[in-house]
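Okay, so here's the structure we're looking at.
The values are calculated or read from the model by the stated rules, or taken from the named source; none is laboratory data. Just so it is clear, the structure is predicted and the values come from calculations on it, not from any experiment. FYI the Cβ positions are ideal-geometry reconstructions off the backbone, even for glycines, and counts take in every protein chain you see. Accessible surface areas use protein heavy atoms only, side chains included; no ligands, DNA or RNA. Shrake-Rupley method; radii C 1.70, N 1.55, O 1.52, S 1.80 Å.
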Amino acid sequence: MSNKKFLRPRDVEDIYSIKVSTLSKQRAGKYGLPFHVVCRKKNAQRGGVILYNVDEINDYLNRKGRLTLY
């Protein structure tokens, strides 16, 4: 397994078994795993690259009492 600090939604699905569609719904509803948007134009509401920090994912899942696979 690689030592990536940030993961794309597809990578999160592969490692943590959380579907990409679930991640998308969580982002739209402003709940769930913390995420970051990069390469988004200033004052834009859409676009950019969605990234999840591995440490933040593990912290979130540990707070929720779920096992981590990473």
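Using the scaling law 2.2 N^0.38 Å as the reference, what is the normalised Cα Rg of the chain?
Ratio of Rg to 2.2 N^0.38 Å for the chain: 1.12.
May I ask you to order 25-38, 47-60 by the average number of other C-beta atoms within 10 Å around their residues, highest value first?
Highest to lowest by the protection proxy: 47-60, 25-38.
Computing the accessible area with a 1.4 Å probe over protein heavy atoms, can you report the carbon and sulfur percentage for the chain?
Looking at the chain in its full context, I get 49 percent from C and S.
Would you mind working out the magnitude of the charge dipole of the chain relative to its Cα centre, with +1 at each Lys and Arg C-beta and -1 at each Asp and Glu C-beta, to the nearest 20 Debye?
420 debye
Ignoring ligands, DNA and RNA, what accessible area per residue does segment 4-68 give at 1.4 Å, in Å²?
In whole numbers, segment 4-68 has 72 Å² accessible per residue.
Taking the chain as the reference, fit the longest principal axis to its C-alpha atoms, fit the long axis of helix 54-63 to the helix C-alpha atoms, and give the angle between the two in degrees, 0 to 90, nearest 10.
60 degrees
Run down the lysines and flag those whose C-alpha is under 24 Å from the C-alpha of residue 30, throwing out any fewer than 8 positions away in its chain.
Once the sequence-local lysines are set aside, what remains near residue 30 is 5, 19, 41, 42, 64.
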